[in-house]
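The values are calculated or read from the model by the stated rules, or taken from the named source; none is laboratory data. The structure presented is a predicted model; accordingly, all values stated were derived computationally and were not measured. Quick reminder, even Gly has a Cβ in these numbers, built from the backbone with ideal geometry, and neighbours come from all protein chains shown.
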Amino acid sequence: MGTQSDIKLIEENGLRLDGRNPGDLRPIKIEAGVLNRADGSALIEWGGNKVLVSVYGPREAYPKHNQDINKAIVKARYNMAAFSVDERKRPGPDRRSIEISKVLSEALESAIMVEQFPRAQIDVFIEVLQADAGTRIAGLTAAAVAIADAGIPMRDFVTGCTAGKVNDKVVLDLSKEEDNFGQADLPIAILPKSKKIVLLQMDGDLSLEEFDTATSMIINAISRINEIQRNALSAKVKVDDAGGE
Ligand code: CDP
């Protein structure tokens, strides 16, 4: 989050620098089952973000002392490729990616029927190939599709979106410039059927009224994004039925 709220991110006509209205999403495309070796996979393109997710499991958790006798462990690993950002990202985990991996693991766990798989582990590899703001939410949204593609039983989807504040105005789905130079960034993920919040983080500050506007925008967008997730899975089923891989 930048400190320079004086940078012009909204034009006189009310449009954002990329021509969007405050409540518009960037284009989102999801493809399920893109990898042959993984149990489940999905590729999401969300604005300029490209994130590939592969899922393995449920399989016996290893080392054994990590096993939970009551449920499967969900281990999401969020990783940014060295070439995913403007300045080469040093390979390997850093504080940011460890934190994101933790919050994404917890969000996914609340959607998966983990109690059906005691002592098991479900691995979710979230690889950011190209980053353009909102990668944790893009990765989480694709991860839910990849988990469903792996045939892992879920009680609900997980769907996320971001809103924020730029030039004192609440806008949906921040672009890279808006994320860098805006005043607030609020990623939220929910279970769309049960309407439970499973991830909520905030950078910057919002008034209570702005927070209400931002969450309404997000909840409205989440039903559209969830439809894209479900369409990706049904498109994959159709390919399978036709004898594709
Ligand atoms: O990606 P997300 O919005 O979930 O997380 P963030 O920490 O708010 O990062 C916002 C954006 O900053 C990322 O999407 C990247 O485009 C960029 N970024 C970067 O250029 N280099 C990094 N090491 C981390 C983030």
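General remarks:
- Flag: Val158 does not match the condition of being in contact (Cβ under 8 Å) with a residue 60 or more places away in the chain and touching a helix residue (DSSP H, G or I) at 6+ places or on another chain (Cβ under 6 Å).
- Pairs, first farther than 21 Å from Leu191 by Cβ in region 87-115, second in a helix (DSSP H, G or I), C-beta under 9 Å, six or more apart: Pro93/Ser101
- Taking strands (runs of 3 or more DSSP E) as the structural unit, those lying wholly within region 141-239 and holding at least 1 residues that are β-branched (Val, Ile, Thr), at pLDDT 95 or above and under 17 Å from the mean Cα position of the chain (by Cα) correspond to 159-166, 184-191, 196-200.
- Test: Ile100 is within 19 Å of Asn180 (Cβ to Cβ), surrounded by 11 or more Cβ atoms within 10 Å (Cβ to Cβ) and among the β-branched types (Val, Ile, Thr): yes
- Residues in region 148-184 that are surrounded by 24 or more Cβ atoms within 10 Å (Cβ to Cβ) and of a type in the set (D, E, K, R): Asp149, Lys165, Asp173, Glu178.
- Qualifying residue in region 46-65 (condition: surrounded by fewer than 19 Cβ atoms within 10 Å (Cβ to Cβ) and polar (S, T, N, Q)): no
- Some residue of region 101-117 being under 26 Å from Asp18 (Cβ atoms), within 12 Å of the ligand (Cβ to nearest atom) and either over 20 Å from the mean Cα position of the chain (by Cα) or in a helix (DSSP H, G or I) (or both): no
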